[in-house]
Amino acid sequence: MAATVIDGKASAARLREKIAAVTAELKAAHGLQPGLATVLVGNDPASEVYVRNKRKTAEAIGFKSIHVELPADASQAELLAQVKALSADASVHGILVQLPLPKHLDEAAVLDALDPAKDVDALTPTNAGLLLSGRAHLVSCTPAGVMLLLKEYVGDIAGKEALVIGRSLLFGKPAAQLLLAANATVTMAHSRSRDLPGLARRADILVAAIGKPEFVKGDWIKPGATVIDVGINRVDAGDGKYKLVGDVDYAAAREVAGAITPVPGGVGAMTIICLMHNTLIAACAQSGLPLPTAL
Ligand code: GUN
């Protein structure tokens, strides 16, 4: 039997309504409008699309959206000056510096210039450490979105075997922490792991975040497993066009899995919603208001 398709778009649309309602209440009761700043350096086409979608969603929800664009050859000093100015601007509650940055720029130095209270991607060492300590208010957006989908489609994951393939700061590391906090038995795998297919075949929850098109094969999937595909890869579709595929061979995995996220339409939409939720939390925290529980 083919797997249940996890409809991240529909879940995100429902959560978006809730966030918009809380935002309207905040405005009416406290005159507070959450502000989200996006910073885009260069003109990577995928990053341009992601940032445009984030800005559009922020505006549709009722946030103030501030956008800073720098050329691909912007200097480290220019970028740091922008990030510091946004960190000091009281109308900006959340700052997102779209990654990856052009190679000549030092990502760690940029994160160090970012006020952790406004770090809605939860990438600064402060927020990564708070997550490790189980005390985070701001949690990385894609891992948070994945946990919401698991909550909706699987329910309690205590005791389940979860495999995370990929160990990035943006996804793999925080995802493993969140799965662990939800009492899963977590294995982290990566490009140097031995016998990935063998590890995958044990997983009740398989999370792929490696950035390699259709890397995870159908016969790696444990029958009935939940497959979460975090990859968004642009591959040639002929005619100078491209199409998006995930890190999992979707057609084959769908025949074996119990539930699976499609690409697009799975995890991606949830990432943006969690970014909005983080911005809401950051705005309330910076204004001395109780933290909302919109999700
Ligand atoms: N690049 C790909 N995904 C993300 C994300 O969630 N946040 C940022 N800042 N950059 C990204």
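The values are calculated or read from the model by the stated rules, or taken from the named source; none is laboratory data. These figures come from a predicted structure and were not determined experimentally. We place every Cβ from the backbone using ideal geometry, glycine too, and count neighbours over all the protein chains shown.
Observations on the structure shown:
- Taking the conditions (1) part of a strand (DSSP E or B); (2) among the hydrophobic types (A, V, I, L, M, F, W, C); (3) without any contact (Cβ under 8 Å) to a residue 24 or more places away in the chain in turn, Ala176 satisfies each one other than (1).
- Restricting the first member to region 76-104 and to residues that are closer than 29 Å to Gly62 by Cβ, and the second to residues that are of a type in the set (D, E, K, R) and assigned to a helix (DSSP H, G or I), the beta-carbon pairs closer than 7 Å and six or more apart or on different chains are Ser87/Lys118; Val92/Lys118; His93/Lys118; Gly94/Lys118; Ile95/Lys118; Leu96/Lys54; Leu99/Glu107.
- Reported count of residues in region 101-127, each being within 12 Å of the ligand (Cβ to nearest atom) and surrounded by fewer than 18 Cβ atoms within 10 Å (Cβ to Cβ), is 1.
- Taking the criterion of being more than 22 Å from Gly155 (Cα to Cα) and either modelled with pLDDT under 95 or surrounded by 17 or more Cβ atoms within 10 Å (Cβ to Cβ) (or both), the residues of region 175-208 that qualify are Ala189, Ser191, Leu196, Leu199.
- Being small (Gly, Ala, Ser) and in contact with a helix residue (DSSP H, G or I) (Cβ under 7 Å, 6 or more places away or on another chain) holds for only one residue in Gly240, Gly265, Gly246, Gly231, and it is Gly265.
- Of all the criteria given as (1) more than 10 Å from the ligand (Cβ to nearest atom); (2) over 19 Å from Gln286 (Cα atoms); (3) of a type in the set (A, V, I, L, M), the one not satisfied by Leu130 is (2).
- Of residues in region 150-174 being crowded, with 21+ Cβ neighbours inside 10 Å and more than 22 Å from Lys217 (Cβ to Cβ), the one nearest to the chain's Cα centre (by Cα): Pro174
- A count restricted to region 83-138 and to residues that are among the β-branched types (Val, Ile, Thr) and outside any helix (DSSP H, G or I) stands at 5.
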